[in-house]
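Undergrad: For reference, the structure I am asking about is given below.
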Amino acid sequence: MFKSKEIRWFSQTEEKQITQWFNDHGLDFATTDARTDFYLPLPEKKDMGVKLREGNIEAKCRTSIPKIGKLTDHAEGYFEEWVKWSFNVNKDDPLSESIIKEKKYSWIEVYKERVGRKLTKDEKGKTKWLSIKDRIPFGCQVEYTRILIKGQQWFTFGLEWFGNEYLEFDLKIAIEILGVSSLKKEKSMGYAEFLNMNFREIQS
């Protein structure tokens, strides 16, 4: 079981300030490892998600009412708390094979190109940045993802706090990353709600 606190926004417009911040740290959509996730259609479900990802099934449930807050004067959204369970899937599992390769059962195919970094503390209590691939006991993952769904391109920026210790996020870091990027609360939500709002026709 994996607990997290998250805030996320979706937009069809790329925020150049965010892209540039990652570029300045050697991260680019063109060179990142892309992947494709498959989401189970769950009509009207904003607080639950199930996805097939790289040999795993992940089930995710929101555990509290979203709380509105700000990262900067220009970035307002909803903080959400989640619990996630992950289960391995056999490589020759017939159901996952039919979903991924034969596109059966109308699971929502989401192609992702993600750049990201993790923020944590060292032994002296000083914050430090690590690769998104590093496994650490607690911290905050900062990511920006370009996604493609049914021919539509979207972008999503998100922060995810994880682990038993909560890492305070310095607002100066948020300002450095976002600048004056306008992230509105109406565009702030988790993947489950986003897919329900924008791809209902897939779920019918």
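Undergrad: Taking the dipole about the Cα centre of the range 2-203, with the C-beta of Lys and Arg at +1 and of Asp and Glu at -1, give me whichever of HIS74, PHE162, GLN17 is farthest to the positive side.
TA: About the Cα centre, the residue reaching furthest to the positive side is PHE162.
Undergrad: May I pose another question? What order do you get for LYS133, LYS46 when you list them from fewest to most C-beta neighbours inside 10 Å?
TA: Values: LYS133 8, LYS46 17.
With the fewest neighbours first, LYS133, LYS46 line up as LYS133, LYS46.
Undergrad: For the chain, what is the mean residue ellipticity at 222 nm derived from helices alone (per DSSP H run of n ≥ 4: -39500 (n - 2.57); sum divided by total residues; nearest 500 deg cm²/dmol)?
TA: -4500 deg cm²/dmol
Undergrad: Restricting things to alpha carbons, tell me how big the range 1-110 is in terms of Rg and Dmax, in Å.
TA: Answer for the range 1-110, Rg first and Dmax second: 16.9, 50 Å.
Undergrad: Still on this structure: If you average the C-alpha positions of the range 153-204 and of the range 45-69 separately, how far apart do those two centres end up, in angstrom?
TA: The two parts, judged by their Cα centres, are 13 Å apart.
Undergrad: Right, next: Calculate the radius of gyration of the Cα atoms of the chain to one decimal place, then report Dmax, the largest Cα-Cα distance, as a whole number, both in Å.
TA: 17.0, 53
Undergrad: So for TRP154, TRP21, TRP9, TRP85, fewest C-beta neighbours within 10 Å to most, what's the order?
TA: Exposure proxy ranking, most exposed first: TRP85, TRP154, TRP21, TRP9.
Undergrad: Something else: Only Cα pairs under 8 Å and at least 6 apart count here; give the relative contact order of the range 2-203 as a rounded whole percent.
TA: Relative contact order comes out at 33 percent.
Each reported figure results from applying straightforward, stated rules to the coordinates on display, with no laboratory input. None of the values given here were measured: they were computed from a predicted structure. Note that each Cβ is placed from the backbone with ideal geometry, even for glycine, and that neighbours are counted across all protein chains shown.
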